[in-house]
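Encoded as structure tokens, the structure appears first; notes follow it.
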Amino acid sequence: MLIGPTCGVDMRFCTTDEDYRMERARWGAAMEEVSLSFFLAVDLGGTKTEYVLADETRELARVKGGTIKRMRTDEATADENFARALKELEEKSGISMRQVTRSCVGAAGITVALVTDWIRTVFARHVGGSLILLGDVEIALDAAFFGGPGVLVMAGTGSNVAGRSASGKLTTAGGWGPALADQGSGARIGHQALRDMVLARDEGRDTTLYPAIMKLWNLTAFDELVAYANQIPSPDFTKLAPVVVACAEAGDEVAKGVLRREAEELAHLARLVIDRLRRADSRPDWVPELAFTGSILEHVELMREGIVEALRRDLPTLNVVPGVVDPTLGALWRARHG
């Protein structure tokens, strides 16, 4: 009795069970030759990790999970977050992680063995194919410029400006952490708003920042605010950034001044990187394209506009990529192209 027909096997050539098995093997080998490749892109952040699974042309599944950065969490939590994200990708796409052809992970701290060793180990254990490990700056640049030259301004919890020349050389400005830099970051905006709010109070100027911050921190008197802001360890000033943005959008001049100044400082860093790239390029009139990424620049249009306005005073031909870029798509581009 013959084994029943299955997809792709031509039963006209099957007269025995052995014929069927040979025809099934032939069909399987043919399908191997035309099978799709699958690519996994990962943007590994300090508080969250974003994953995209795709084939050559389509995004198949997208998942957001907890951080797997070993500098920010213990091994057991990182393992659990990673396993949960992979399971969700498989459930959404129907694709086993063992079918992945190539992965690209972008992360800060890729020179730290604790970070890279763990990533390589868990990918070898749970994900098929090869692995490309890059810095978070590189995948963000790839998201904007697909391997080409350009300048990227990043501002979220921290900040950084990175540029890539036509020859592929990277250069950066800023990114030295909250004590030394982080211009335009959420923490810097929140902290500077507190300082400007207190100065406005000394000068006798009204600002809606004061009642808004008092409400957020659940305080009732100015002396309480002074003690709370100066405690050690410090409060999370990043949480004040949405308050500053809301006050600025409602017309508060003190809040608007904070955002304008932070935009000017990011523009200064961007100009440093632009000038380096221009000096290294043989085209005298060439100006690298500019792009943005990060939660602050995604949600605060006043910041993006302020940066572009400041740069175009001296570089009127500057071209800007609209909106903000998604670094995960840069990791996907790199995974597809190797």
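Against the conditions (1) touching a residue at least 24 places away in the same chain (Cβ under 8 Å); (2) more than 19 Å from Phe39 (Cβ to Cβ); (3) surrounded by fewer than 16 Cβ atoms within 10 Å (Cβ to Cβ), Lys92 satisfies every one except (2). If you take the residues of the range 130-153 that are among the β-branched types (Val, Ile, Thr) and touching a Gly at 6+ places or on another chain (Cβ under 6 Å), which of them is farthest from Val52 (Cα to Cα)? Restricting to residues being among the β-branched types (Val, Ile, Thr) and touching a Gly at 6+ places or on another chain (Cβ under 6 Å), the top hit is Val151.
Looking across Leu209, Leu240, one residue alone is over 15 Å from Thr157 (Cα atoms) and surrounded by 14 or more Cβ atoms within 10 Å (Cβ to Cβ). It is Leu209. For the range 58-81, taking the residues that are β-branched (Val, Ile, Thr) and modelled with pLDDT under 95, the one that is surrounded by the most Cβ atoms within 10 Å (Cβ to Cβ) is identified as Ile68. Thr171 meets all of the listed conditions (1) in contact (Cβ under 8 Å) with a residue 40 or more places away in the chain; (2) closer than 29 Å to Gly338 by Cβ; (3) part of a helix (DSSP H, G or I); (4) not acidic (Asp, Glu) but one, namely (3). Look at Asp314 and say whether it is modelled with pLDDT of 95 or more, farther than 20 Å from Thr172 by Cα and assigned to a loop (DSSP other than H, G, I, E, B). Spelling it out, Asp314 is indeed modelled with pLDDT of 95 or more, farther than 20 Å from Thr172 by Cα and assigned to a loop (DSSP other than H, G, I, E, B).
If you check Leu302, Leu259, Leu329 for being closer than 30 Å to Arg62 by Cβ and buried (at least 20 other Cβ atoms within 10 Å of the Cβ), only one passes: Leu329.
Restricting attention to the range 137-153, and to residues there that are buried (at least 18 other Cβ atoms within 10 Å of the Cβ) and either farther than 25 Å from Glu301 by Cβ or among the polar types (S, T, N, Q) (or both), which single residue is farthest from the chain's Cα centre (by Cα)? Only one residue tops the list, namely Pro149. Can you confirm whether the range 109-129 contains a residue that is surrounded by fewer than 20 Cβ atoms within 10 Å (Cβ to Cβ), of a type in the set (A, V, I, L, M) and in contact with a helix residue (DSSP H, G or I) (Cβ under 7 Å, 6 or more places away or on another chain)? Scanning the range 109-129, I find at least one residue that is surrounded by fewer than 20 Cβ atoms within 10 Å (Cβ to Cβ), of a type in the set (A, V, I, L, M) and in contact with a helix residue (DSSP H, G or I) (Cβ under 7 Å, 6 or more places away or on another chain), so the answer is yes. Put simply, of Ala250, Ala241, Ala193, Ala200 the only residue that is under 24 Å from the mean Cα position of the chain (by Cα) and touching a residue at least 24 places away in the same chain (Cβ under 8 Å) is Ala241. Tyr228 meets all of the listed conditions (1) more than 24 Å from Glu265 (Cα to Cα); (2) of a type outside the set (Lys, Arg); (3) surrounded by 14 or more Cβ atoms within 10 Å (Cβ to Cβ); (4) under 30 Å from the mean Cα position of the chain (by Cα) but one, namely (4). Arg188 falls short of the stated requirement of being over 16 Å from Glu265 (Cα atoms) and either touching a residue at least 12 places away in the same chain (Cβ under 8 Å) or in a helix (DSSP H, G or I) (or both).
Looking at Gly175, Gly156, Gly204, Gly184, which one is surrounded by 18 or more Cβ atoms within 10 Å (Cβ to Cβ) and modelled with pLDDT of 95 or more? Exactly one of Gly175, Gly156, Gly204, Gly184 is surrounded by 18 or more Cβ atoms within 10 Å (Cβ to Cβ) and modelled with pLDDT of 95 or more, namely Gly184.
The values are calculated or read from the model by the stated rules, or taken from the named source; none is laboratory data. Source: prediction; values computed, not measured. Glycine also receives a Cβ, built like all others from the backbone with ideal geometry; neighbour counts cover every protein chain displayed.
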